[in-house]
Amino acid sequence: MAKYITKRILKGIVTFLITITLTFFIVRLMPADPATLLMDPRMSEAHRQQLLKDFGLDKPLIVQYFSFLRNLLKGDLGISFMQKRPVMDIIMEKLPWTLLLMTITQFITMAVGIPLGIYSGHKRGSLFDQIVNAVAIFGISIFVPWLGFTLLYIFGYNLAILPIGGAHTPGIDGGLEYFLDVGKHLILPVITLMSIYLANYVLYTRGSVIDVLSEDYIRTARSKGMKEMRVLWKHASKNAMIPTVTTAGLMIGRMVGGAVLTETVFAYPGVGRMIYQAVSQQDFPILQGAFIILALSVIIMNIITDILCAYLDPRIKLE
Amino acid sequence: MKRILIIVLCLTLILSTFVGCSKSDEAGANNQGNEVKNGEQTSESSKFGGTITIGTYADPDTLNPLTGNDIAGSWILNLIYPKLMKLDENGNKVPYIIEEPEISEDGLTVTVTLKDGLKWQDGTPITSKDIDFTYRVLYEQKLQWQYEVLNNITWETPDDKTIVFRLQEPFPTFITTIGYWQRIVPAHIWSEIDDIKNYANENPVGFGPFKLTEYERGQYYILERVDEFFLSPEGKPYLEKVIFKPYPDINTMVLALKSGDIDVTAKEIPATAAKEFEGSSEFNVVQNQDLGYEHLAINLRDPLLKDVNIRTAMAMAIDRSQIVNFAFDGAAEEMPGIISPVYQKYQIGNYFPSYDVEGAKKILADAGYKDTDNDGILNAPNGENLSFKVMFANSITAHEKVSRILVDNMKAIGIELIPEPMDKSLQTDKLYNTGDWQLTINTWGAIDDVESSMATLFLSTASLNWMGYNNPVADDAMLKMKSAITEEETMNFMDIFQKEITKDIPDIPLVVKKNNFAYNNKFEGFVKLPSILEGIINPTSLSQVYIRK
């Protein structure tokens, strides 16, 4: 086991190095540069060159790359071109909001999606199964900003029971009131994000329940005279969970994609919105920082799920 | 089974908190409403009191007034840091914290005197030393484009209220340009800062109708009024608080305005939304003019486009009224010359050829362009089709609509246009770096001080002259226009310049955009200034806005 874990972690480190290298060069492959994007009718060529120098973009790419690596080793993600503040500070300001949004979304999505998937796998072909399938596929194909805006229009404007955007109301700090205020601001973004991920959980779980239900040990359980519900929830669901757990780890990366759109529509102060703005300004340090944090979380999640799966299913280790 | 029970339990718990909070927060929202109403009650005897919440599109890039470079930032920073000059309702630069500047007869000395009794928000008087310090730092550290305005200019501060600039050659728009674009910072605070360029300025101390008291990036910026502000009719601003809230999605911002989450937008709203607000009894809509304009620039290095006959025919084929009505929903003004109609003084009858399809066809026919292969597109003598790619940024919906109108317009005279939507950074790259383009639809954000700014756009050596325009007569006129002292001289060179450029047509101005701003009509007293930079959210305006009784 120890050998497997060491191997897995080493692999993770290599993946991380490749990712940050790719990130560094990909952001620089964008056409134009942050200084040119700032050009306006009053700016001269000399000032553009000055800006490039300030951003450190006048040096050869390879020099920039090594100084980026050097700083990264020191834990320094650099200074944002536009905001002139350390990227670490900026990310740390946004990350808690995104984590809050994602954790709650993940949790509710799993809590709703897995039982739904198990039950509709069990009732395969029934009306219930068909409805769940249709709703899940509708959710996956819906255009996120449209859904977000429609929800805002209905609950924020028409019914006026939920706030229009933001993460909390200015002036309310601390205490239960703050907690409830934050919760109220979370409802619509969470529902919107859920629409994208619910289908994954439902369909994965449903699929593996269907597979598992045809296994021999299920037949054994049934032949022992066990009640059908107990067979389903106790014997089948546990084994059917393995692929679902694996996807949960991978979902982190995909969630950020949804967060970019959701946080923008809901004016939510998270990492997604920060990435959106940094792309349009070509703020390389912020983009690099954001992708490093993302890569790191996906890699760590993967290592954890791999180890977890190896623990659950001894066959994996042997391969 | 136990695990599932736990999950279900957690789910119920979470859901119950959410239901709980929607109730209690409804009460919260009501409380807020009461606060506003209380404000109104206390202001029964006067206009004082209340809060205004303003929607913007983003956070300020930085709170550092010396390096801040975006519009979202300028709305906030201009309320808390002063400039020597400000804009008036007609787009003229007028004194803000100074008296009318005195320019010597030879145009080489500019004397600026500060208004009496102005103090920074920490109580220290504002002096000419602050201006001296700010301009010195700007120039030495090349903080912003405007440092170049100070090239070859020296200055001294004979006393605390006066600063005298000495120029090597006349530059009449010197003080309006630097005065309007450069914010002043208190020297006693900023001289202590080591790295001004990378200074975040988390706790700004400045001068203006409001001061920044609390903020959370991505969420809100709360400003409170100062006790004394000279532009306010009754000595200090009526509103107690100003709150800025960023909404990156314009539709969400419009919805927030409709629902009362915000009271006014600093950013312009789409014409369709403006129409909806106009029909409502709760809102007022005002419209201002942009200082820049929308234009079709032409790459003069292109073998076909370098023929002035093609450019003239293209200029004659464009139906600007269609662009106004369909691309901008009526919120724009046709632009017949090279100087925006905002600047009335320079509308002296030198216009680009006007809309005339038959005339355009004749010019092309006379120049030898015929449809030799009967494909509906004219051919050059060498057989090449008159077919051009027109690029535009795919994020700008209006430009996409303009491109479609231009395709139709050009088709009518036998020229094929191929629209090429692309990312703004790719378009920028083609214009500034690779030069691989034929036609482009663009916007100039703000063209002010046209006497000097034409040279930054059209001078043969200017970096923004991507068209590759090179006309020595026009060059000479642009440079002389910049340094002309008398009105007569300026007009003379302006006339020469306009005649040359409308003859050569390196660039076809299309329309000047009008921006719509909507506000809840319980507020009154907004002052509307031109350009998207100012709109109705500027120090002059907010120092006199109040809540109607």
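Annotations
- Debye log10 I(q)/I(0) for the stretch B:279-365, one point scatterer per Cα, at q = 0.11 Å⁻¹: -0.43
- Rounded Å value of the spacing that divides the Cα centres of the stretch B:346-415 and the stretch B:486-521: 22 Å
- Taking a Cβ cut-off of under 14 Å around B:Ile269, the surrounding Lys, Arg, Asp and Glu residues balance to a net charge of -1, with basic ones at +1 and acidic ones at -1.
- Cα gyration tensor shape for chain A, rounded if a/c is under 1.5, else prolate or oblate: oblate
- List of the stretch B:457-505 residues, accessible area with partners at least 30 Å² below that of the chain alone (1.4 Å probe): B:Ser463, B:Leu464
- Interchain or long-range residues, amide H under 5 Å from B:Asn515's placed H: B:Asn288, B:Gln289, B:Asp290
- The stretch A:16-49 versus the stretch B:106-144: alpha-carbon centroid distance in Å: 34 Å
- Portion, in percent, of the accessible area of the protein assembly as shown that falls on carbon or sulfur, probe 1.4 Å: 57 percent
- Rg followed by Dmax, in Å, when the protein assembly as shown is reduced to its Cα trace: 31.1, 109
- Burial of 30 Å² or greater, the stretch B:139-175 residues [accessible area, probe 1.4 Å, versus chain by itself]: B:Lys142, B:Trp145, B:Tyr147, B:Glu148
- Each listed q (0.12, 0.14, 0.15, 0.22 Å⁻¹) maps to a log10 I(q)/I(0) for the stretch B:82-207, found by the Debye formula over equal Cα scatterers with no solvent: -0.44, -0.60, -0.69, -1.48.
- Peptide A:152-165 has a mean of 5 when you count, residue by residue, the C-beta atoms of other protein chains within 10 Å of its C-beta.
- Dipole axis of the protein assembly as shown (+1 Lys, Arg; -1 Asp, Glu on Cβ), positive-most option in B:Asn309, B:Leu138, B:Ile175: B:Leu138
- Chain B: radius of gyration and largest Cα-Cα distance (Dmax), Å: 26.9, 93
- Between the C-alpha center of the stretch B:283-329 and that of the stretch A:165-243 there is a gap of 56 Å.
- Subset of A:Lys74/B:Lys197; B:Lys267/B:Lys482; A:Lys7/A:Lys59 violating a 27 Å alpha-carbon distance limit: B:Lys267/B:Lys482; A:Lys7/A:Lys59
- Pairwise FRET efficiency - B:Glu234 versus A:Ser280, Cβ, R0 = 35 Å, nearest 0.05: 0.25
- Using the Cβ of B:Leu464 as centre and a radius below 11 Å, the other residues enclosed give a net charge of -1, where K and R count +1 and D and E count -1.
- Qualifying GluC sites (Glu not before Pro) in the stretch B:79-108, where qualification requires a DSSP coil assignment and no more than 15 other C-beta atoms within 10 Å, comprise B:Glu89, B:Glu99, B:Glu105.
- Kyte-Doolittle mean at least -1.0, axial Cα span of 27 Å or more - DSSP H helices of chain B: B:2-42
- Diffusion of the stretch B:293-513 by Stokes-Einstein, at 25 °C in a medium of 0.890 mPa s and with Rh set to the Kirkwood radius over alpha-carbon pairs, works out to 137 µm²/s.
- Solvent-accessible area per residue in chain B equals 40 Å², computed with a 1.4 angstrom probe and all protein chains kept.
- Against the criterion of solvent-accessible heavy-atom surface with a 1.4 angstrom probe, B:Glu148, B:Glu489 sort, most first, into B:Glu489, B:Glu148.
- Cα-centre dipole for the protein assembly as shown with unit charges at Cβ (Lys and Arg positive, Asp and Glu negative), debye to 20: 4960 debye
The values are calculated or read from the model by the stated rules, or taken from the named source; none is laboratory data. These figures come from a predicted structure and were not determined experimentally. Note that we place each Cβ from the backbone using ideal geometry, even for glycine, and neighbour counts take in every protein chain shown. What goes into the accessible areas is simple: the full protein's heavy atoms, side chains included, and nothing from ligands, DNA or RNA. Shrake-Rupley method; radii C 1.70, N 1.55, O 1.52, S 1.80 Å.
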